[in-house]
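The values are calculated or read from the model by the stated rules, or taken from the named source; none is laboratory data. Quick caveat, the model's predicted, so the values are computed rather than measured. FYI the Cβ positions are ideal-geometry reconstructions off the backbone, even for glycines, and counts take in every protein chain you see. Protein only, heavy atoms only, side chains kept; ligands, DNA and RNA dropped before computing areas. Shrake-Rupley method; radii C 1.70, N 1.55, O 1.52, S 1.80 Å.
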Amino acid sequence: MRHVTACFRKRKHGEFKCLSRSFKQVLAGFYETGRREFTVLDSDMRFQVIVAAVFWSGFVESRKVRGISSSYKRFYKERKSFLCIDGSKIIPFEQVNDDYCDCEDGSDEPGTSACPRGRFYCTNLGFRPHYIPSSRVNDGICDCCDASDEYNSPAHCQNTCWNLGQKERAYVEGQMRTLDEGLRLKQQLIEEGVLLWREKQAQLRELQQVAEDLQIKLEEHRRRKHEAERLKEQTLKALEAGDSGKGRILMRSCCNPYSITVDEVKTKVVLVHDEERLLSEDEALGLLGGGHQIDLTKFRRTLWDVLTRGDSVKVRSISLHFQHPPRCFFAAEWEATNLKKVEEAYETVNMEISDLRKKLAIDYGTDWEFLFLNSQCYKLKVYEYIYTLCPFNQVTQKNTAGTEVSLGTWGMWAGTPKNQYSQMVYENGEPCWQGGSRTTTVTLTCGTETALRSVKEPSKCQYIMDFQTPVACQPVLKQRGIHSEL
């Protein structure tokens, strides 16, 4: 082999040292010392030295450790030996990326396809970096957008990282705008939720007060019904002992069961003698003892008792008595009807209180931000089915024939520990044929609108839904931002 005489400048003193070496020795010297300034003394050998320099640059490039991330470069600092990252073996450093697998973890071949467990790191400057299996290195297919995985293959890969990064950045910026708007809307819904929660609490207190008032009315109506029944019994006994041989007064009705007024007597009482006629004002006043109104109990104990005993009362010289008892003496039935109405009202109010308590017992988020979803329903048509999600209530599926099937009723929140409000579970829906009951998992995603976005059935009678709403937006998402390497 032909030799070259070359001089290398020393780093410390700037002196030249001249040596006679083969091309291989020159290259090795370049590699070992890193001295790049040299002078060829033999002018005939200038061409060979230039060639040596070219080979040297290629050699340096070939020695560059490929396929590692910046966080792993500390393991690949060039030295005499290399320790496998799993600590299983020490090998000469020159065996790193020599296309032969020495380490069991494949750490000695990050830039080749020699190790089955190896990984190649795509730097992808301008886009997202990622790892690929080392088996894809130099396989003729471009896996890294920067084409770094096909450094020694016939594939003509283009560096597309910048274009991909621009698209990624535009997408992320759009997501950030959506997040900003979603967080703004979420704050409004939180404020509305707090007000709505207070309204529900006030409504509960009002219903409880109504229930207490109805309870008092119930006791009063029960007392009145008991009194009316006692009065009816006494009246019937008095009628059975009465004298019906004299003139008759027909009491058609009694509007107020506890008092009788002049107007009621004028319109409801007639004189029965030769023919029926209504009483005049004076006759009605005379019948009531001169007053415009008389208490029913007093009427029963005075005038009515007199009439039933056969005593006559002169009104324009006409002898009068009651042919029939007034309808107010059938107040027991009237009071029974009123009591039933109050009992029904009391039962209705108690049901409303129970329903409201159940609604208020649901977890609507730390700031009641999900409260507005209660009593709302959202629909989505997928092929021949219409899916309806009523948050905190139920999920249904209706076909074109109108048959509705329950896909589950509200069960619980089932999100991650970091965000438990990211998923809802609706369970115990209608049973499947040869299977269990239907269940639905609803995933909440951030958006500027509240809507049901998608419905899928990945397995039999197990449904998943994507539900978008501003209250699902989380400030933590904004802190992540765009990847630093974009």
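Residue 351 exposes around 110 Å² of accessible area when a 1.4 Å probe is run over every protein chain in place. Among residues other than residue 365 with Cβ under 15 Å from its Cβ, the summed charge is -1 (Lys and Arg +1, Asp and Glu -1). Projecting label points 7 angstrom from Cα along Cα→Cβ for residue 433 and residue 117 puts them 5.0 nm apart. Each Lys or Arg adds one and each Asp or Glu takes one away; over the other residues whose Cβ falls under 11 Å from the Cβ of residue 103, this sums to -4. Largest accessible area first, the listed residues 130, 226, 221 line up as 226, 130, 221 when surface is computed with a 1.4 Å probe on the assembled protein chains. Under the criterion of Cα pairs below 8 Å and six or more residues apart, the relative contact order for the stretch 93-158 equals 22 percent. Considering only 402, 474, 387, whose Cα is most displaced toward the positive end of the charge dipole of the stretch 330-486, charges sitting on Cβ of Lys, Arg (+1) and Asp, Glu (-1)? Selected residue: 474. Considering every Cα-Cα pair within the stretch 103-199, what fraction, in whole percent, is farther apart than 19 Å? Looking at the stretch 103-199, the distances longer than 19 Å represent 59 percent of pairs.
In Å², and per residue, what accessible area does the stretch 60-218 have when probed at 1.4 Å with the other protein chains present?
Details: 9650 Å² over 159 residues.
Solvent-accessible surface per residue comes out at 61 Å².
Taking 139, 146, 108 and ordering them by how much accessible surface each has at a 1.4 Å probe, largest first, produces 139, 146, 108. Total lysine pairs in the stretch 161-232 at Cα distances under 29 Å, for residues eight or more apart or on different chains: 5.
Taken one residue at a time, the phi angles of the stretch 154-166 give Karplus couplings (6.51, -1.76, 1.60, θ = phi - 60°) of x, 5, 9, 8, 9, 7, 10, 4, 5, 5, 5, x, 4 Hz. Gly and Pro are set to x. Among the trypsin sites (Lys or Arg not before Pro) found in the stretch 64-116, those both in a DSSP coil and sparsely packed, with 16 or fewer other Cβ atoms within 10 Å of their Cβ, are 64, 77, 79, 80, 89. A quarter of the convex hull surface defined by the alpha-carbon atoms of the stretch 363-454 gives 6.8 nm² as the mean projection. Extension gain for residue 98 to residue 213 (0.36 nm times residue separation, less C-alpha to C-alpha distance): 32.2 nm.
Extending 7 Å from Cα along the Cβ direction at residue 196 and again at residue 409 yields two label points whose distance is 2.2 nm.
Residue ranking by accessible heavy-atom surface, 1.4 Å probe, largest first, among 438, 357 comes out as 357, 438.
Taking K and R as +1 and D and E as -1, what net charge do the other residues with C-beta under 14 Å from the C-beta of residue 353 add up to? Value of the local net charge: -1. Once both labels are positioned 7 Å from their Cα atoms along Cα-to-Cβ, the gap between residue 222 and residue 86 label points is 8.2 nm. FRET efficiency for the residue 445 to residue 156 pair, using the beta carbon distance and R₀ = 25 Å, is estimated at 0.05. To the nearest 10, the accessible area of residue 70 is 90 Å² with a 1.4 Å probe.
Extension gain, residue 350-residue 75: 0.36 nm per intervening residue step, less the Cα-Cα distance, totals 91.7 nm. Would you please give the FRET efficiency between residue 178 and residue 360, computed as 1/(1 + (r/R0)^6) with r the Cβ-Cβ distance and R0 = 30 Å, to the nearest 0.05? Computed FRET efficiency for residue 178 and residue 360 comes out at 0.40.
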